[in-house]
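The values are calculated or read from the model by the stated rules, or taken from the named source; none is laboratory data. Bear in mind the structure is a predicted one, so any value in this text is a computation, not a measurement. No Cβ is skipped: glycine too gets one built from the backbone with ideal geometry, and neighbour counts run over all protein chains shown.
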């Protein structure tokens, strides 16, 4: 996990949403020799070999409701990675940790009030348990990649995540640009 960026308010507290996504192009839009099946065939790999994947990069994020968002490239989406991210980014005295039904979230810190919604059963909100805010952030990130940048390499993805997190966290600051420029000098 990369070190925390300066200026970020951590750990997140209150009601916190956590979710993961993948960033990358669709397999159907790739040249035929770069499609996942062709790459696995050329590498003599099985259909589920993780080393030859679909070219998408795993990203995990968390947001305090009506507060800041933090997003990091996670690579894998296993229980150890997700629990480590939550431990690092979320205060242990959080009032609610909301996630989707992914089983790997059950390994977060013991005693943390964790609720989830079951997207696979059509449940997207149950009272104050939802992931709408972090899903909204993913939507803005992906729309920015599709609309403005068109291609984001794995190498520079952390920089794009930092940019979109900064924009989101300073969305109500009329002097955000001036504040950013003064930190550069």
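Some observations on this one:
- Answer residue from the range 51-66, given it is under 23 Å from residue 125 (Cα atoms) and without any contact (Cβ under 8 Å) to a residue 60 or more places away in the chain and is surrounded by the fewest Cβ atoms within 10 Å (Cβ to Cβ) among those: 66
- When we screen 94, 86 for residues that are surrounded by 16 or more Cβ atoms within 10 Å (Cβ to Cβ), touching a residue at least 40 places away in the same chain (Cβ under 8 Å) and more than 22 Å from residue 139 (Cα to Cα), the only hit is 94.
- Qualifying residues in the range 119-132 (those that are without any contact (Cβ under 8 Å) to a residue 40 or more places away in the chain and part of a loop (DSSP other than H, G, I, E, B)) - the one nearest to residue 69 (Cα to Cα): 124
- Qualifying positions in the range 133-155 - free of Cβ contacts under 8 Å to residues at least 12 places away in the same chain and within 17 Å of residue 61 (Cα to Cα): 136, 139, 143
- Filter result for residue 152 (at pLDDT below 90, outside any strand (DSSP E or B) and either in contact with a helix residue (DSSP H, G or I) (Cβ under 7 Å, 6 or more places away or on another chain) or closer than 14 Å to residue 15 by Cα (or both)): yes
- Of the strands (runs of 3 or more DSSP E) lying entirely inside the range 1-90, none contains at least 3 residues that are at pLDDT below 80.
- Look at the range 104-117: where a residue is in contact (Cβ under 8 Å) with a residue 12 or more places away in the chain and on the phi > 0 side of the Ramachandran plot, no partner that is in a helix (DSSP H, G or I) and crowded, with 20+ Cβ neighbours inside 10 Å sits 6+ places away or on another chain with Cβ atoms under 7 Å.
- Of everything listed in (1) buried (at least 18 other Cβ atoms within 10 Å of the Cβ); (2) on the phi > 0 side of the Ramachandran plot, the single unmet condition for residue 130 is (2).
- If you go through the range 108-117 and pick out every residue that is modelled with pLDDT of 85 or more and either under 14 Å from residue 19 (Cβ atoms) or in contact with a helix residue (DSSP H, G or I) (Cβ under 6 Å, 6 or more places away or on another chain) (or both), you end up with 4.
- Residues of the range 155-175 classified as modelled with pLDDT of 85 or more and surrounded by fewer than 13 Cβ atoms within 10 Å (Cβ to Cβ), total: 2
- Per-region count, the range 97-118, residues surrounded by fewer than 16 Cβ atoms within 10 Å (Cβ to Cβ), in contact with a strand residue (DSSP E or B) (Cβ under 6 Å, 6 or more places away or on another chain) and not in a loop (DSSP other than H, G, I, E, B): 1
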